[in-house]
Amino acid sequence: MLGVAGAALFVLPMAGLLSVTPWTQLGDLLDDDVVLDALRLSIVTSVLAAALATVLGVPLAWLLARTSFPGRSLVRAVVTLPMVLPPVVGGAALLFALGRRGLVGEPLDAATGLTLPFTTWGVVLANTFVAMPFLVVTVESAIAALDHRHERAAATLGASPLTVFRRVTLPMIAPAVRAGIILAWARAFGEFGATITFAGNLQGRTQTLPLAVFVSLDSDRDAAIAMSLLMVVVSVIVLVALRGRWWSRAGGPS
């Protein structure tokens, strides 16, 4: 019974959303320029954020799992902090660090003219900030649980550390990396607080679907419902499809 109650906690909100969906107007509502711009931006920025999280997160996970250095526990805590930190606080921290008057943003702007806040790349950065910890935690756990014998054997045969990682370690942790990418993408696709704080809410430039839903809740409830349903459908399709293909290979049921 408790398991059923737990499932109901997730099923009932979805049922509530479906019950108020304006089905007869759905096509017209989703064909609006605001919705199409927000959908395009959400897909592009979430994919870029997942890619950036992978490029930076996999080496970071390896560093945390395999390297002993002073302050490692503190670094791990800081890396995972965005998982529990209110996203608005994370966005504010990014603004204070990378804004035009920020700790790094001001000298960066003066030296290169590069401005990140209130730009599409600002959305990508905000999404990466909140999403990458999910990939790091997933991959670090997989690396820590590896049997080191294969890596030691490759090293004994003369393989360099980079070759060992690329040819031995990475294939063994590939299911965990893929699962981490999925989690990072899903978190980035639904990100709201850090995005609106750091990148603003400009249609066609920084307004992702969650931001468009937030704006429409006050001005056009039906449009907000339609966009919410669209986000649910896209997320479910991707997660179900990739879970069956990737997560089951990690040893769990599909």
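Since every read-out is calculated from the coordinates, none of them should be taken as a lab result. On a predicted model such as this, the values are computed, not experimentally measured, just so you know. So basically every Cβ, Gly included, is an ideal-geometry build from the backbone, and we count neighbours across all protein chains shown.
Quick notes on this structure:
- Listed residues PHE192, PHE165, PHE118, most fluctuating in the chain (Gaussian network, C-alpha, under 10 Å): PHE165
- Magnitude of the charge dipole, the chain, Cβ model with Lys/Arg +1 and Asp/Glu -1, debye to 20: 1300 debye
- Counted by neighbouring Cβ atoms within 10 Å, the residues MET172, MET14 run from fewest to most as MET14, MET172.
- Between ALA110, ALA61, ALA92, the GNM of the chain built on Cα springs shorter than 10 angstrom shows ALA110 fluctuating the most.
- What the Cα convex hull of the range 144-219 gives, in volume per residue, is 132 Å³.
- Choice from ALA224, ALA53, ALA155 with maximal GNM fluctuation in the chain (Cα, 10 Å cutoff): ALA155
- Convex hull volume per residue, computed on the Cα atoms of the range 29-250, equals 142 Å³.
- Here the peptides 121-131, 41-51, 176-186, 18-28 are ranked by packing, the mean other Cβ count within 10 Å, and the order with the highest first is 121-131, 176-186, 41-51, 18-28.
- Panel order for VAL55, VAL136, VAL34, by other beta carbons found within 10 Å of each beta carbon, from fewest to most: VAL55, VAL34, VAL136.
- Of the DSSP H helices in the chain, those whose Cα atoms cover at least 24 Å axially and whose Kyte score averages 0.5 or more: 2-20, 33-66, 120-144, 170-189, 221-245
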